[in-house]
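The values are calculated or read from the model by the stated rules, or taken from the named source; none is laboratory data. Every value quoted in this text rests on a predicted model; they were computed, and no experiment measured them. Cβ atoms come from the backbone with ideal geometry, glycine included; neighbour counts cover every protein chain shown. When the accessible area is computed, the model is the full protein with side chains, heavy atoms only, and any ligands, DNA or RNA have been set aside. Shrake-Rupley method; radii C 1.70, N 1.55, O 1.52, S 1.80 Å.
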Amino acid sequence: MGKRVAVVLAGCGVYDGSEIHESSAVMVHLSREGAQAEVYAPDVDQMHVVDHVKGQPTQEKRNVLVESARIARGNIKDLAKLDVKGLDALIIPGGFGVAKNLSTWATQGKNCIISKEVEDVLKAFHAAKKPIGLCCISPVLAAKIFPGCELTVGHDTECEKWPYAKTAETMKELGCKHVNKHVTETHVDMKNKLVTTSAFMCNAPIHEIYDGIGKMVKEVVRLA
């Protein structure tokens, strides 16, 4: 029997939802590992909607669950209905939706609030000692909830290749240990069963991002 892995999405689109390539890579790699993805998203309004051509917010209103259903091909459940008992692991892809719809990191940084539903789910998997996979910006959720945990969002020195490296410094301010890793690598915090990889925090070719997510998924399934 394959492992059942909850995948929590935050909308559809890098600037206001889940990063689509990351989400797709998670699904493909779970399938390759013989695991079953069970997709969830909170039934809430997005913080805002971004026109991905112009890179500018619009006046539109969209729902996180409805938008996430696009990635899940309609096979999705309300996050409020997630029951950790029947699941073996949790994965949360990145994208600005994590920092806008699952938390207020985009506007408040380390002083952010994490959505109660998301926090409850993360704490439930952690308490059950079930592995949690996080990529791109989503490790900030663990940084906020599990002080002292070990994570990677790539590198902690900003440059053209690592444009979001200041995130690592902010996570350190929350009391986490940040471990520098290349985009094709993961970091495993065995104590907390957290598996992280940088994905699009790195300005890298998409196949390298895909490979890094593959290693993260493989490790999550192995630990489940």
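Ligands, DNA and RNA are left out, and with a 1.4 angstrom probe the accessible area of segment 73-121 is 48 Å² per residue. Phi angles across segment 114-125 convert, under the Karplus curve 6.51 cos²θ - 1.76 cosθ + 1.60 with θ = phi - 60°, into 3J(HN,Hα) values of 9, 3, 4, 4, 5, 4, 4, 5, 4, 5, 5, 5 Hz, Gly and Pro given as x.
In a DSSP loop and with at most 15 other Cβ atoms within 10 Å, the GluC sites (Glu not before Pro) in segment 1-98 are GLU60.
Across the chain, Cα pairs under 8 Å and at least six residues apart give a relative contact order of 20 percent.
Annotation: peptides 164-171, 7-14, ranked by per-residue average of other Cβ atoms within 10 Å with the highest first, follow the order 7-14, 164-171.
Shape verdict for segment 1-88, please, from the Cα gyration tensor: rounded (a/c under 1.5), prolate (a/b greater than b/c) or oblate. Oblate, since a/c reaches 1.5 and b/c is not below a/b. The residues neighbouring ILE209, those whose beta-carbon lies less than 14 Å from its own, together hold a net charge of -2 under the Lys/Arg +1, Asp/Glu -1 convention. Among the listed pairs LYS81/LYS172; LYS144/LYS181; LYS3/LYS116; LYS3/LYS193; LYS144/LYS193, a Cα-Cα separation exceeding 24 Å is found for LYS81/LYS172; LYS3/LYS116.
Computed over segment 21-170, the P(r) tail beyond 22 angstrom holds 43 percent of alpha carbon pairs. 3J(HN,Hα) couplings calculated from phi for segment 174-179 with the Karplus curve 6.51 cos²θ - 1.76 cosθ + 1.60 (θ = phi - 60°) are, in sequence order, 7, x, 8, 9, 9, 10 Hz; Gly and Pro show x. Computed over protein heavy atoms with a 1.4 Å probe, the carbon and sulfur contribution to the accessible area of segment 1-157 reaches 50%.
Per-residue packing, averaged as other Cβ atoms within 10 Å, sorts the ranges 87-94, 177-184 into the order 87-94, 177-184, beginning with the highest. Relative protection proxy for 203-215, 143-155, from highest mean packing down: 143-155, 203-215 (other beta-carbon atoms within 10 angstrom). Think of the chain as having a plus end and a minus end, set by charges on the Cβ of Lys, Arg, Asp and Glu; of ALA224, MET47, VAL140, ALA224 sits farthest toward the positive end of this dipole. Using just its DSSP H runs of length 4 or more, each adding -39500 (n - 2.57), the chain gives a mean residue ellipticity at 222 nm of -9500 deg cm²/dmol after division by all residues. Among the trypsin sites (Lys or Arg not before Pro) found in segment 57-120, those both in a DSSP coil and sparsely packed, with 13 or fewer other Cβ atoms within 10 Å of their Cβ, are LYS61, ARG73. For segment 198-214, the Karplus equation 6.51 cos²θ - 1.76 cosθ + 1.60, evaluated at θ = phi - 60°, returns couplings of 7, 6, 6, 5, 9, 7, 10, x, 4, 5, 6, 4, 4, 5, x, 5, x Hz by residue, with Gly and Pro reported as x. Near GLU38, the amide H atoms lying under 5 Å from its own belong to VAL5, ALA6, VAL7; only residues 5 or more places off or on other chains count, and H is placed 1.01 Å from N.
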